[in-house]
There are 2 protein chains.
Amino acid sequence: MSILRITLAQINPTVGDLAGNRDKIIRNIEKAKEKNADLVTFPELSLSGYPPEDLLLKRQFLDDCRKTLKDVVTESNGITCLLGFPEASGSFVHNSAALIHDGTLMGTYRKILLPNYSVFDENRYFKPGNEGLVFTLNGIPIGINICEDSWFLNGPAKLEVQKGGARVIVNISASPYFAGKRELREKILRELALKNRCFILYNNLVGGQDELIFDGGSFVLDPEGKLVASSKQFEEDMLFFDLEGAQAGFIEPEDADPSISPDKALTGEVQRVIITSVALRVKQPVVTGQIRWLDYLDEVYSALVLGVSDYMRKNGFPKVLIGISGGIDSALTAAIAVDALGAEAVVGVTMPSLFSSEGTKDDARVLSDNLGIRLLSIPIEDVFNSYIGTLKPIFSGMAPDVTEENIQARIRGNLLMALSNKFGWLVLTTGNKSETAVGYCTLYGDMAGGFGVIKDVPKALVYKLSEYKNQKAGRSVIPISIIKREPSAELRPDQKDQDSLPPYDKLDGIIEAYVERDMSYADIVGMGYDEDMVTQVIRMVDRNEYKRRQAPPGIKITPKAFGKDRRLPISNRYTHSD
Amino acid sequence: MSILRITLAQINPTVGDLAGNRDKIIRNIEKAKEKNADLVTFPELSLSGYPPEDLLLKRQFLDDCRKTLKDVVTESNGITCLLGFPEASGSFVHNSAALIHDGTLMGTYRKILLPNYSVFDENRYFKPGNEGLVFTLNGIPIGINICEDSWFLNGPAKLEVQKGGARVIVNISASPYFAGKRELREKILRELALKNRCFILYNNLVGGQDELIFDGGSFVLDPEGKLVASSKQFEEDMLFFDLEGAQAGFIEPEDADPSISPDKALTGEVQRVIITSVALRVKQPVVTGQIRWLDYLDEVYSALVLGVSDYMRKNGFPKVLIGISGGIDSALTAAIAVDALGAEAVVGVTMPSLFSSEGTKDDARVLSDNLGIRLLSIPIEDVFNSYIGTLKPIFSGMAPDVTEENIQARIRGNLLMALSNKFGWLVLTTGNKSETAVGYCTLYGDMAGGFGVIKDVPKALVYKLSEYKNQKAGRSVIPISIIKREPSAELRPDQKDQDSLPPYDKLDGIIEAYVERDMSYADIVGMGYDEDMVTQVIRMVDRNEYKRRQAPPGIKITPKAFGKDRRLPISNRYTHSD
């Protein structure tokens, strides 16, 4: 029985670390050989890391990528390998897949459909390819796609199946995570499998890169669209899949729907490369199965943990520092940090003021004990009084207002940064998406820090994730009193968030409609929200663009995060017309 | 004698201010009519302001643009008008020019060549057009281009001349400024005029929009490539130009060079619209002349002044606040602010510490007197001591280091923000490009503020602009002692910038090569710079991406500014290989 053994290597490269990525790739090639694989594939731009952004404008970087690719080619004796890399060609750059066989570069496939929306800027860097590539390995014709290429029924996959006779499409991908993205990918690729009556082998990247999480979860669909094998989510993994010649039998594809077609794809040609495996080893079929996908909260929590651990590791920080207020946002942030880095690598600081309640002070202590982290305590009253004294001549006769509240928040920011400077720890910020959206946060105060763990997590989800954490731990790691307490910034006596903001469930709904879905005032009111409340929230979101522009990066987990996903002018007089 | 009178309305719209932009456009139409113009043109996306960024993803915004366009159409009786606006068509958006005649929308031209490099993201929003548009007004055939369309010899202009018989190309543009851009535009459009033997009427936008300055300087080239008329730079203006039928006589264009051709442009078709002017008024020819272009320093200084005044006006701030250190960066920033806003709208603050020299303290006072601005004085020693006392238990036994320096800088940042909060003033930051590049600045300290005036000005140019300012004023507005003093952050005793950094002339040269030109280590060393110095500078630039990510926006005046012009990952292990 002729078996073609394919390995999807779901790796976590680091952007720009060409030597490190090369070594990781070569280690995976070795492992694939040990298990008698015929073909090993790696995700989109694995060699450079994804997205390399403006590194792609540096000629030297592109030359170094080419050199590094040669190292991999040399190490690929006795196996076939498909590897994503940025390919310079004259003055252009392509987002390419190198087809390497037994120590020889056989050809490259160049991504045809380049995403340039949401967090993607691929038209900034890449020239699209214009031809498919089908290689035949041990008699089985395999078409290559890169990420976006497979998101359209009339794209390159159809071309490779119809013109190139492909029976298998391998998609190497770097698909950024948001909650629900995995289901979406599976749905779209299932349609592609069914329309083309082919196997789809989807090899995703894994790892955190600044704002983005790549969630892995690579998988195989058969020509009936059935999920027949899958990889772990949020970790490196190798998926082995055996394909028999008969199993990949070609069935006439259905006509694809032309209405969603990118017009150019089907006009291209297809390169054909025929490879006879150097070592068609005798092999027992591998047992491939489907890994159980994570539940919603488990998935989001895992994404946040991976985001923190990779930001730390890839930027070389030994420890993190978190301002622990006794509120739920910093509690969840600390819990995630401990799961990502271990308790030894997390330091908490409580910075009580005159307005800090006994309850929050106690809770900060209990939380730290529960997490097993060190907690420093630095009261801010002396520093606050010195600011007030220093500013007295200028502020004389003026009533206290938000200024004095912000001074407190900024003292805390300064103290965190002083510890960061002195000890080399990274400050994690604790603001959630709801606050970030409406600007209920202080620039250079609680916004001060290097990385925003829950920046894209709406407040209601902060609660759910906290309860999830406790449930999973089997104990109240995050004290119930923190979860139950009414949220407060504690910057003036008896302050409550709800004095300044709509109730969080309503706020989150309006933010989702306005920010994530770009809905109009009228349509949001049409959903049943109060007119004044919608006006207030839209105004707050619009006005606080300047604050968000200076926020640290944070982990994207929704379809539209603040950051490079949402690009609005600061100078902007557009207001909803009602 | 049949004269076609064309008016290039060089206006300064505000992004999103649809009603305000509409009213400005209608006022300009009225003025054009008063002067018997046949055609009045407005810059690219004048109706929405440029760039509207993700406002273009809001359906309501596009609908509102369409409504606002109708208002303009209604007001255009008795004249022909060409107006840039975002045109929704089904699920697509085009960057379009509306051709309006005598109260009727005759057609739209859709920009064909969309820039997606540097600060541009037009592929994120727009679908490219695929046909030219030539309209004949009083017998003279005029082709429409939008900005980038005219930057390629084989682009839409050639199509409109060769297939559409155009004798005049009107280019409506929103071309962001950098020093030298005007000469570049003129050179490229001169080639286009010569190749096609046609008139080029280039109508640029003017105004500041966040990081970008649009410098105006609209102009007319005749078919010989001669500059025959031009507008003011950095201000609104109306350029009237009379074209006689005979003068626009069509001469066979030369063959364009196919090597620089965007491949698709010449395959398109050309719409033809024939318009007979409603009121071919008897008119005396207008006298058009060429405005003297500004010299280099005058141009850069004007750009900075416009950037400040427009950021203030468009965001509704009444006054600015500047930390005056007695150094040259804050001195130049204050001088620019006074020229932009008037002395009444500028408040200085000096915040001396133990390490502030008598010289800088005196200079801060003299500078403020020279500029006629109010100067507040807030010593930071008490607050500094309270931080040191508060942190003593945690820092005990550790030597002072950069931590204590940063605390001082951040105290100043906090004080500036406290004044900003209390009085509603915008804080201008004073960091230059050299410091920003190598991270010689403190996050939340001297980087705290809303707008970075000289963020893209290299240190050597800071000196030149300061001398230029004094020369123009005819007196030492910026005290000579400030210009002569060796630069120092004054955060520890006897600190000098040159203790930590290469000499500024060398630093600026390496930064230009590495940041603006993306040159490699080897190539920069090849320019004659010391190897260790190049290594040091590259490392500092790379390492400080995280700081720049949280910097306020600032005015772009070089070919590549930090901000949306340069997009590098923070998590990035790429280092030059030597």
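Just so it is clear, none of the values below were taken in a lab; they were calculated from the coordinates. The model shown is predicted, which means the values in this text are computed figures rather than measured ones. Here the Cβ positions follow ideal geometry from the backbone for every residue, glycine too, while neighbour counts run over all protein chains shown.
Just a few scattered comments:
- Between the range B:501-578 and the range A:502-557, the alpha-carbon center distance in angstrom: 37 Å
- Between the alpha-carbon centres of the range A:131-189 and the range B:105-122 there is a gap of 31 Å.
- Ordering B:GLY439, B:ILE275, B:PHE234 by the projection of their Cα atoms onto the charge dipole of chain B, which places +1 on the Cβ of Lys and Arg and -1 on the Cβ of Asp and Glu, puts B:ILE275 at the extreme positive end.
- Stokes-Einstein, applied to the Kirkwood radius of the range B:3-275 over Cα pairs at a viscosity of 0.692 mPa s and 37 °C, places its translational diffusion at 182 µm² s⁻¹.
- Environment charge at A:LYS422 (Cβ cut-off 11 Å; Lys +1, Arg +1, Asp -1, Glu -1): -2
- Rounded to the nearest 20 debye, dipole of chain B from Cβ charges on Lys, Arg, Asp, Glu: 1280 debye
- Antiparallel %, DSSP beta bridges [both residues in the protein assembly as shown], to 5: 55 percent
- Simple rule: put +1 on each Lys or Arg Cβ and -1 on each Asp or Glu Cβ in chain A, find the dipole, and look at A:LEU465, A:ILE112, A:GLY563; the Cα lying farthest toward the positive end is A:ILE112.
- Whole-percent pair-distance distribution, where bins are 20 Å wide, for the alpha carbons of chain A: 20, 47, 27, 6, 0
- Pseudo-label separations to other copies for B:ASP530 - Cα-to-Cβ vector, 7 Å, nm: 6.7
- Mean Cβ neighbour count within 10 Å, used as a protection proxy, ranking A:209-217, B:159-167, B:489-497, A:564-572 highest first: A:209-217, B:159-167, A:564-572, B:489-497
- Cβ-based charge dipole, the protein assembly as shown, positive-most Cα from B:VAL15, B:PHE85, B:VAL383: B:PHE85
- The range B:159-224, dipole about Cα centre (Lys/Arg Cβ +1, Asp/Glu Cβ -1), debye to the nearest 20: 320 debye
- Cα convex hull, the range A:453-520: 115 Å³ per residue, rounded to a whole number.
- Report summary: the helix-based calculation at 222 nm, which adds -39500 (n - 2.57) for every DSSP H run with n ≥ 4 and divides by the residues of the protein assembly as shown, gives -11000 deg cm²/dmol.
- Remark: mean inter-chain Cβ contacts per residue of B:562-569 equal 5, using a 10 Å Cβ-Cβ cutoff to other protein chain atoms.
- Partners for A:LYS195 among aspartates and glutamates (Cα-Cα distance below 19 Å; same-chain residues under 8 apart left out): A:GLU148, A:ASP149, A:GLU160, A:GLU183, A:GLU186, A:ASP222, A:GLU224, A:GLU252, A:GLU254, A:ASP255, A:ASP257, A:ASP263
- Per-residue mean of C-beta atoms belonging to partner chains within 10 Å, peptide B:41-50: 1
- Only the Cβ atoms of Lys and Arg (+1) and of Asp and Glu (-1) were treated as charged; on that basis the dipole of the protein assembly as shown about its Cα centre amounts to roughly 320 debye.
- Position B:ILE26, label points 7 Å along Cα→Cβ, spacing to each other copy in nm (shortest first, one decimal): 7.2
- Other-copy label distances relative to A:ARG517, 7 angstrom Cα-Cβ extension, nm: 5.2
- Centroid-to-centroid separation of the range A:368-406 and the range A:337-363 [C-alpha atoms, Å]: 17 Å
- In nm, spacing of pseudo-spin labels at A:LEU184 and B:LYS31 (7 Å Cα→C-beta vector): 4.7 nm
- Shielding by partners, peptide B:309-315 (average Cβ within 10 angstrom, other chains): 2
- Residues whose amide H lies under 5 Å from that of A:MET106, counting only those 5 or more places away or on a different chain, are A:LEU99, A:ILE100, A:HIS101; hydrogens are built 1.01 Å from N in the peptide plane.
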